[in-house]
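Structure first, commentary second.
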Amino acid sequence: MRSGTSIGANIRESKNAESNSDYLHKLSIALKEADETQYWLEVLLLSNIITNSEFNSMNNDVKEIIALLTSIITKIKNKVNN
């Protein structure tokens, strides 16, 4: 629950970043939290706390978030380096 809600909190915080570097840092934290969330979903599935259907639904969502954050972070890094 904490890592999952931290994703949105860090993305929201990035809206008030003081620089491109700060923006990148906050989004990178969100990406780490998304990765942690995916880990906990796997633990919940293996512990039979959630069903395969529940896992697939939430895991697909977090995979999409990871892909979006990765894309944004990559574009920002390229922009900063050029």
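The values are calculated or read from the model by the stated rules, or taken from the named source; none is laboratory data. Not measured: the values here are computed from a predicted model. So basically every Cβ, Gly included, is an ideal-geometry build from the backbone, and we count neighbours across all protein chains shown.
Among the residues of segment 31-40, those identified as within 11 Å of residue 4 (Cβ to Cβ) and of a type outside the set (Phe, Trp, Tyr) are 33, 34, 36, 37, 38. Hey, can you tell me all the residues within segment 41-80 that are farther than 20 Å from residue 5 by Cα, at pLDDT 95 or above and over 16 Å from the mean Cα position of the chain (by Cα)? Passing the criteria: 46, 47, 48, 51, 52, 53.
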